[in-house]
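Chemist: So that we are looking at the same thing, I have put the structure below in structure tokens.
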Amino acid sequence: MAFWQWGRSKERKAPSMTAQALNEPILAYRVWRVGTDGLLVSCTYECTWTPRARMDAHCCIRGTLHPQAAPVWDCSCGFYAFKTPAALAASRYTELSGALTVSGRVALWGRVIDHELGYRARYAYPQVLYLRGDRSDEVVRRLADCYAIECLPSPLERRI
């Protein structure tokens with residue numbers, strides 16, 4: 001079962017799910033792993049998020065050629081994020097086994113596809129990292145400094 005359950009069969013039927021090019025960012029919520037180099041890494045691909053640089057989505061599927069820039073409807077490419085903190089908290093991403101994870105708010109812009117639970121976007125950059133309220137908070141603070149962003153108390157409900 002995939003972590004991202006966007007309801008692919010419903011995408012084309014729901015009029016509220018659209019793709020549009022945005023100059024102003026959409027704020028959404030996601031989780032990163034902390035890499036061995038101390039940087040943010042995507043949870044599903046070995047994609048390190050470069051500090052202080054815009055992330056630009058490219059398709060990772062071999063042999064795929066898009067007539068448009070990522071993301072596209074019939075592919076899984078793009079940077080993913082949930083629409084609400086509650087949707088993120090309900091996902092399996094907040095507690096990946098064997099990995100230190102950091103949740104936060106991300107800015108998404110460029111070509112953005114609106115799905116039921118979240119978005120896929122061409123461009124992304126972390127905006128806020130959330131403190132976990134445990135001994136990993138020092139790691140979160142170092143990451144926030146590295147990416148020149150804020151760290152704040154988490155709005156996510158902790159799982160027990």
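The values are calculated or read from the model by the stated rules, or taken from the named source; none is laboratory data. Owing to the predicted nature of the structure, the values given are computational and were not obtained by experimental measurement. Because the Cβ atoms are built from the backbone with ideal geometry, glycine has one as well, and the counts that use them run over all protein chains shown.
Chemist: Given the conditions (1) at pLDDT 90 or above; (2) assigned to a strand (DSSP E or B), report the number of the one that Ala21 does not fulfil.
Modeler: (1)
Chemist: Only one of Thr44, Thr50, Thr36 is of a type in the set (S, T, N, Q), under 12 Å from the mean Cα position of the chain (by Cα), in a loop (DSSP other than H, G, I, E, B) and surrounded by fewer than 17 Cβ atoms within 10 Å (Cβ to Cβ). Can you tell me which?
Modeler: Working: Thr50 fails: under 12 Å from the mean Cα position of the chain (by Cα); Thr36 fails: under 12 Å from the mean Cα position of the chain (by Cα).
One residue alone meets the criteria, Thr44.
Chemist: Restricting attention to the range 58-67, does a residue exist that is in contact (Cβ under 8 Å) with a residue 40 or more places away in the chain and either surrounded by 14 or more Cβ atoms within 10 Å (Cβ to Cβ) or more than 16 Å from the chain's Cα centre (by Cα) (or both)?
Modeler: In the first step, residues of the range 58-67 are kept if they are in contact (Cβ under 8 Å) with a residue 40 or more places away in the chain; the result is none.
Looking through the range 58-67, none of the residues is in contact (Cβ under 8 Å) with a residue 40 or more places away in the chain and either surrounded by 14 or more Cβ atoms within 10 Å (Cβ to Cβ) or more than 16 Å from the chain's Cα centre (by Cα) (or both).
Chemist: Still on this model: When residues of the range 82-96 are filtered for being touching a Gly at 6+ places or on another chain (Cβ under 7 Å) and surrounded by 18 or more Cβ atoms within 10 Å (Cβ to Cβ), how many remain? Explain how you work it out, then say what you get.
Modeler: If we filter the range 82-96 for residues that are touching a Gly at 6+ places or on another chain (Cβ under 7 Å), which is where we start, we get 82-83, 87.
Retained after the next criterion (residues that are surrounded by 18 or more Cβ atoms within 10 Å (Cβ to Cβ)): 82.
Within the range 82-96, residues that are touching a Gly at 6+ places or on another chain (Cβ under 7 Å) and surrounded by 18 or more Cβ atoms within 10 Å (Cβ to Cβ) number 1.
Chemist: Can you tell me which residues in the range 87-112 are among the hydroxyl-bearing types (Ser, Thr, Tyr) and not in a strand (DSSP E or B)? Before the answer, list the steps.
Modeler: As a first pass, look at the range 87-112 and keep what is among the hydroxyl-bearing types (Ser, Thr, Tyr): 91, 93-94, 97, 101, 103.
Answer for the range 87-112, where residues must be among the hydroxyl-bearing types (Ser, Thr, Tyr) and not in a strand (DSSP E or B): Ser91, Tyr93, Thr94, Ser97.
Chemist: Within the range 117-155, which residues are more than 20 Å from Val41 (Cα to Cα) and touching a Ser or Thr at 6+ places or on another chain (Cβ under 8 Å)?
Modeler: The answer is Gly133, and nothing else.
Chemist: Same structure, new question: Considering only residues that are in contact with a helix residue (DSSP H, G or I) (Cβ under 7 Å, 6 or more places away or on another chain) and either under 15 Å from Tyr80 (Cβ atoms) or among the β-branched types (Val, Ile, Thr) (or both), look in the range 35-56 and name the one that is modelled with the lowest pLDDT.
Modeler: This residue is Cys43.
Chemist: Then there is this: List every residue pair whose Cβ atoms sit under 8 Å apart, with the two residues 6 or more apart in sequence or on different chains, where the first one lies in the range 32-57 and is of a type in the set (Asp, Glu) and the second, anywhere, is surrounded by 14 or more Cβ atoms within 10 Å (Cβ to Cβ) and part of a strand (DSSP E or B).
Modeler: If the second residue must be surrounded by 14 or more Cβ atoms within 10 Å (Cβ to Cβ) and part of a strand (DSSP E or B), the pairs left are Asp37/Thr48; Asp56/Arg122; Asp56/Tyr123.
Chemist: Also, quick follow-up: Scan Gly110, Gly78, Gly104 and give me the residue that is surrounded by 20 or more Cβ atoms within 10 Å (Cβ to Cβ) and modelled with pLDDT of 95 or more. Spell out how you get there, then give the answer.
Modeler: On the way: Gly110 fails: modelled with pLDDT of 95 or more; Gly78 fails: modelled with pLDDT of 95 or more.
Result of the check over Gly110, Gly78, Gly104: Gly104.
Chemist: Next question. Scan (1) within 13 Å of the chain's Cα centre (by Cα); (2) at pLDDT 95 or above for the single condition Thr94 breaks and write down its number.
Modeler: Failing condition for Thr94: (2).
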